[in-house]
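Scroll down for the structure; my scribbles are underneath it.
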């Protein structure tokens, strides 16, 4: 049965089979499955639509048949159904008509119980809505195939540095020589491409100058992705040659907005960083490989003159397509062999440093997978709690309807007819809840995406598309089955005579049903305790993250980027004087406290470079590599960013070309390389570049790669001395401005200053340091806020659950309580009795939930910062909260119980 | 409607206590579907669809509900491997018992009686039976 081709599609149908009595299942189950599979297979060969229609029909048919059979298999009651007229059985012909009748009847009965209906539909909507919304994100980000041909054949190529190499980078970029060697030597790959991201300034289209994000790609990148241009041509290998004419291919959206979608753009010349470049193509809509918001692709040119032994400029990324018939495992095995060869050939480079492959989809999805799966798990729990709650309500209602249904049966409604009625009502409730839930998801998904921001890759692919709607519909269907079958089952077992005699008091075996409902409440408690503990851990972790001292001020700082094209500013002198002039004018603006420049900003990525220390032997194999983040910083940068000076002095106006070159190091670098000695006065220089610089100060550490990352070592050279220390002046700088005003109000005046200095210069990436921080916090915040919301919802539902069960129980035991009080029980005793009854399932649920949490939260330890997955504070407070919640939710029914009037309660009998 | 029935024929032709007539349309079609040979579940569904020109497309669940009832009532039998069909040992094949054959025949006669009454009242022409001989 499992091997049947349409097995997957019939799985839910086979699951439905469990609703049938065992006797039927044993005799006909397997056979029925085969018949359904055959029918599905036959329908599938016609069309997908036919298969879907059949699926729905079979689903409904099984549901109704199961209900009928359950009903028929109950022992007949002494009041027999009215004798059937000759046309009795033929009602089946009138199924449609009776269905409409049932729907009408159901709607009427819902209208009579607006409270019940609203609670059931509302909670179902929350459960289904949360699931559909989270699933649509999971589907768009994790499940949908990447938008390329055979995307599972695509792999990313990265390098890794193990500590024995002296570095420690788990996932690092490639040197172009490494790419070239791999492309030549690998036989597992159909094509290997190489790319890196950058930016350029566009002029010559209209009067605006604009900084654009670009991706430099080798010709192999588009070939690996198997994407052809919409217009013009793709890159060819000749474009990558060092002296090839400059060309570019436009991204679709950029072409639309900046060139109005003009097809004549192909062949046109534009100016990028004031160099003329010919547009040779436009890529199709939706293709945006490389970087967020990119505008165009340019050929990745690799200088062939650089010898194969120089392979420490890691700035690019590899993408490759597996050759036909080659598995990823085979390609990895080949890689291992190749890397052993490289290690023999370049022992000083490739010891502990090698290339590795990663499926492209993993690379794209990155570290959002775990939070998304966590949230998916959370909403499934929420849905389970919702189901337990609704089942509770439906059961209570079913028991109250015992009399009504008994009368209907006595009046001649067949048992099957009553069962169909109940199934129809359950399905109606589920449909209403599901429809409302999907509407909630429509509103919720944009909210989730906005909350996640840049932390969610591929967010453009997230939406309520067919798989998501099918998912929502399937949840609705399951809910319908559940709420249709449960009451049919229970009412089916009701003894009609006693139901009629008992009046509204419900059935005689109410005791076992109460036990069942207490178990439901206990389960709700366990699940919500688990969720709230998970959410609590994330909240604590986020709090720890906020407490971290990042090493810089996060408020009141404006940042933006300026990039000087080499065509217009060929000399270092011009570059330096431009920035000096810019800073002078910016500092003169009202509201500006200080202003500085730097090639680096925290949380914006960084470049690492080797340095050497004067008077020390070159590093021997296995030693810690002498490297750190290198920064060129102008005067006032440190004050503006609020970084601390530990010892010595900061870079200031004195540090110009011609004076002694100076450098600052941070505490981390100082502690790594000057354990015993005093670094002040020592001299270092960047390997392969420039002259020695004297260490004049030590600054505090900065968490430049995110608050949860340990700070890296860094050294800061004076920007004005970079022609001497780095070989040339830095043309691209971040301008940082500290102000008492709202930082972004400075954008206009600073733009005005820049355009006075050079009307062709754009000021780009205008933002505040707070923006940078928020963006780096987006992912933990996304996870925390959503899990927090779901956990709160779960807790409220659990509270409602315990409230409704206790209310019902008190109402049922009205008479018993009355007798107890008549026999002398005080209000206190009754109160205690009810509370004890309520706390039983709550405490057991709490215990189970907390125990489960101990096991489960370990799975989320990579999402936690500064908090143990078994954090006693979180567990303790959640336990206290839940005991409180349980007490409050049973307080009202308990107080009601103490007010039972013994006379009244016994008289109503 | 039932009053008219009583006037045009003997009561036995509408309700037969021994044979449990009348049959539901689905039960009757089911018996017809296996009248000529043993069929498995999917074969029965296909045959019913074919015989009614697609007017009847019963849910598989409903078919099996009827199968169970008629097996219990002794109208049909099921066996794992009948001699004259290709064998898939997991499948059950269903065929008519002697009682089933008699019941189906009685139902057909009953229906024919009804149609005959309609012909006599000139609701339809006598030609309605002609296409049976093709």
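Residue A:364 passes every criterion in (1) part of a helix (DSSP H, G or I); (2) over 23 Å from residue A:228 (Cα atoms) apart from (2).
Of the residues examined, residue A:176 is one that is touching a residue at least 12 places away in the same chain (Cβ under 8 Å) and under 26 Å from residue A:629 (Cα atoms). Taking interchain pairs and intrachain pairs at least six residues apart, which have beta carbon atoms under 6 angstrom, with the first residue in the range A:679-691 and within 23 Å of residue A:647 (Cα to Cα) and the second part of a loop (DSSP other than H, G, I, E, B) and modelled with pLDDT under 85? Short answer, once both residue conditions are applied: none.
Listed here are the residues, each with its yes/no results for (1) outside any helix (DSSP H, G or I); (2) modelled with pLDDT of 90 or more.
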site	(1), (2)
A:676	yes, no
A:696	yes, yes
A:703	yes, no
A:707	yes, no
A:734	yes, yes
A:738	yes, yes
A:750	no, yes
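Only strands (runs of 3 or more DSSP E) whose full extent lies in the range A:555-657 are considered here, and the ones with at least 1 residues that are modelled with pLDDT of 90 or more are A:557-563, A:592-598, A:627-633, A:645-648. Kindly establish whether residue A:378 is closer than 30 Å to residue A:515 by Cβ and in contact with a helix residue (DSSP H, G or I) (Cβ under 9 Å, 6 or more places away or on another chain). Here the answer is yes, as residue A:378 does meet what is asked. For the range B:23-44, a residue qualifies if it is crowded, with 22+ Cβ neighbours inside 10 Å, within 11 Å of another protein chain (Cβ to nearest Cβ) and under 13 Å from the mean Cα position of the chain (by Cα), and the qualifying residues are B:23, B:27, B:44.
I'd like to check something: does the range A:847-858 contain any residue that is over 27 Å from the mean Cα position of the chain (by Cα), modelled with pLDDT under 90 and either assigned by TED's automatic domain parsing to the domain that holds residue A:817 or not in a helix (DSSP H, G or I) (or both)? No: zero hits.
Listed here are the residues, each with its yes/no results for (1) farther than 25 Å from residue A:395 by Cα; (2) in contact (Cβ under 8 Å) with a residue 40 or more places away in the chain; (3) within 34 Å of the chain's Cα centre (by Cα); (4) not in a helix (DSSP H, G or I).
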{"site": "A:770", "(1), (2), (3), (4)": "yes, yes, yes, no"}
{"site": "A:775", "(1), (2), (3), (4)": "yes, yes, yes, no"}
{"site": "A:785", "(1), (2), (3), (4)": "yes, yes, yes, no"}
{"site": "A:789", "(1), (2), (3), (4)": "yes, no, yes, no"}
{"site": "A:795", "(1), (2), (3), (4)": "no, yes, yes, no"}
{"site": "A:798", "(1), (2), (3), (4)": "no, yes, yes, no"}
{"site": "A:806", "(1), (2), (3), (4)": "no, yes, no, no"}
{"site": "A:820", "(1), (2), (3), (4)": "yes, no, no, no"}
{"site": "A:832", "(1), (2), (3), (4)": "yes, no, no, no"}
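Taken over the range B:53-75, residues that are in contact with a helix residue (DSSP H, G or I) (Cβ under 7 Å, 6 or more places away or on another chain), free of Cβ contacts under 8 Å to residues at least 12 places away in the same chain and assigned to a helix (DSSP H, G or I) amount to 3.
Would you check if residue A:684 is buried (at least 22 other Cβ atoms within 10 Å of the Cβ), modelled with pLDDT of 90 or more and in a loop (DSSP other than H, G, I, E, B)? Explain how you work it out, then say what you get.
Details: buried (at least 22 other Cβ atoms within 10 Å of the Cβ): yes; modelled with pLDDT of 90 or more: yes; in a loop (DSSP other than H, G, I, E, B): no.
Here the answer is no, as residue A:684 does not meet what is asked.
For the residues A:446, A:371, the requirement of being out of contact with any helix residue (DSSP H, G or I) (no Cβ under 7 Å at 6 or more places or on another chain) and either farther than 30 Å from residue A:857 by Cα or part of a helix (DSSP H, G or I) (or both) singles out A:446.
Scan the range B:54-81 residue by residue and report those that are more than 10 Å from chain A (Cβ to nearest Cβ) and within 21 Å of residue A:58 (Cβ to Cβ). Selection gives B:54, B:55, B:56, B:70. Of all positions in the range A:111-126, none carries a residue that is touching a residue at least 40 places away in the same chain (Cβ under 8 Å) and closer than 30 Å to residue B:27 by Cβ. Residue A:679 fulfils the conditions (1) closer than 25 Å to residue A:165 by Cβ; (2) surrounded by fewer than 14 Cβ atoms within 10 Å (Cβ to Cβ) except for a single criterion, (2). Given the criteria more than 30 Å from residue A:210 (Cα to Cα) and either touching a strand residue (DSSP E or B) at 6+ places or on another chain (Cβ under 9 Å) or surrounded by fewer than 23 Cβ atoms within 10 Å (Cβ to Cβ) (or both), does residue A:540 qualify? Considered against the rule, which asks whether it is more than 30 Å from residue A:210 (Cα to Cα) and either touching a strand residue (DSSP E or B) at 6+ places or on another chain (Cβ under 9 Å) or surrounded by fewer than 23 Cβ atoms within 10 Å (Cβ to Cβ) (or both), residue A:540 comes out as yes.
Just need a number here: residues in the range A:37-49 that are under 38 Å from the mean Cα position of the chain (by Cα) and within 7 Å of chain B (Cβ to nearest Cβ). First the steps, then the outcome.
Let us first name the residues in the range A:37-49 that are under 38 Å from the mean Cα position of the chain (by Cα), namely A:37, A:40-41, A:43-45, A:47-49.
From what is left, the residues that are within 7 Å of chain B (Cβ to nearest Cβ) are none.
So the count comes out to 0.
The values are calculated or read from the model by the stated rules, or taken from the named source; none is laboratory data. Since the structure is predicted, the reported quantities are computational estimates derived from the model, not experimental observations. Counting neighbours? That spans all protein chains shown, and the Cβs are built from the backbone with ideal geometry, glycine included.
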